[in-house]
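> This is the structure, below, for whatever I ask next.
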Amino acid sequence: MRSIVEWEGTPFFRELDLRVESAGDGHARLAVRREAVRLRGARDGLNGGIVATLGEAAMRVCLASMLADGERAGRTRELTVAYLSGARGDVTIVEARMLRKGGRLAVGDIELIDAADGTLNAKLRVSCEVIPARAE
C-alpha cells in the first residue's frame with residue numbers, strides 16, 4: 001500500500017492540496033481546503049465534477065488499504081453521486097468505507113462532509129475493478 005506521503009506526493013493530490021488524514025483497513029479520510037480548488041460550482045461551492053473526483057480518489061486510497069500482495073486497483077466501473085448540499089465550507093472531509101471487496105470488484109461508500117458543522121454535502125457509491133495477482 002502507498003504511504004500517506006506517497007499519496008500526497010501524486011500530481012493530483014498536490015494540485016488540490018488534498019491531505020490524507022487516515023487510511024487503513026477499508027477506510028480512508030481525506031481533507032481538502034476550498035481555497036485550494038479553483039473550479040467552483042453553484043453558490044461558490046466545490047464544482048460537481050470535483051466532488052465526484054474527490055470521491056473516486058478517496059475510494060482508491062480506501063481500496064489500496066485492502067489489496068493483497070500482487071493485486072492492484074483497476075478502472076472505475078461505476079460512480080454515482082447524490083448532491084445533497086453545496087460544499088461551501090472552508091474544509092471538506094471526504095470519507096470512504098469499503099462495502100465489499102471481492103476478487104474482481106470492490107464497492108465503496110463515500111461521504112463529503114463540511115468539517116466545521118458536519119453537514120453532509122454529497123453521498124457517493126464507487127465500484128472499481130480489482131486486478132488479481134498473476135499466478136507465477
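> Between (1) 26, 15, 12; (2) 32, 19, 14; (3) 29, 18, 12, which entry matches semi-axes √(5λ) of the Cα gyration tensor in Å as derived from the coordinates of this structure?
Computed from the coordinates, semi-axes √(5λ) of the Cα gyration tensor in Å corresponds to (1).
> Evaluate E = 1/(1 + (r/R0)^6) for LYS123 and ASP69, where r is the Cβ-Cβ distance and R0 equals 41 Å; express this FRET efficiency to the nearest 0.05. Don't jump to the answer; show the numbers that get you there.
Working: r = 32 Å, r/R0 = 0.79.
That pair, LYS123 with ASP69, gives E of 0.80.
> Then there's this: Taking the 0 to 90 degree range and rounding to the nearest ten, how far is the long axis of helix 48-64 tilted relative to the main principal axis of the chain, both from C-alpha atoms?
Helix 48-64 and the main axis of the chain meet at about 30 degrees.
> In the chain, what percentage of the DSSP-assigned beta bridges are antiparallel, given to the nearest 5?
Numbers: 40 of 40 bridges.
Looking only at bridges with both residues in the chain, the antiparallel portion is about 100 percent.
> Would you work out which of VAL37, VAL130, LEU120 lies farthest towards the positive end of the dipole of the chain? Charges go on Cβ: Lys and Arg +1, Asp and Glu -1.
Sorting the options by dipole projection puts first VAL130.
> Related question: If you add up the charges near ALA115, with Lys and Arg at +1 and Asp and Glu at -1, over every other residue whose beta carbon is less than 15 angstrom from its beta carbon, what do you get? Before the final figure, lay out the partial values.
Working: positive: ARG19, ARG29, ARG33, ARG34, ARG88; negative: ASP17, GLU21, GLU35, ASP90, GLU95, GLU111, ASP114, ASP117.
The answer is -3.
> Taking R0 as 22 Å, what FRET efficiency do you get between GLU35 and SER85 from their Cβ-Cβ distance, rounded to the nearest 0.05? Intermediate values should be presented prior to the final figure.
On the way: r = 19 Å, r/R0 = 0.87.
Working from the Cβ atoms, E equals 0.70.
> Give me the number: length gained by fully extending LEU105 to VAL5, i.e. 0.36 nm times residue separation minus the C-alpha to C-alpha distance, one decimal in nm.
Working: separation 100, 0.36 × 100 = 36.00 nm, distance 2.64 nm.
Value of the extension gain: 33.4 nm.
> What percent does the relative contact order of the chain come to when contacts are Cα pairs within less than 8 Å and at least six residues apart? Mind showing how you got there, number by number?
Working: 311 pairs, mean separation 33.4, N = 136.
Dividing the mean separation by the residue count of the chain yields 25 percent.
> Oh, and also: Given the DSSP H assignment, sum -39500 (n - 2.57) over each helix run of at least 4 residues in the chain and divide by its residue total; what's the result at 222 nm in deg cm²/dmol, nearest 500?
Details: 3 runs with 27 residues, N = 136.
Calculated from helices alone, the mean residue ellipticity at 222 nm is -5500 deg cm²/dmol.
We did not get these values from a lab; they are worked out from the coordinates using the rules stated. Source: prediction; values computed, not measured. As a convention, Cβ positions derive from the backbone with ideal geometry for all residues, glycine included, and neighbour counts pool all protein chains shown.
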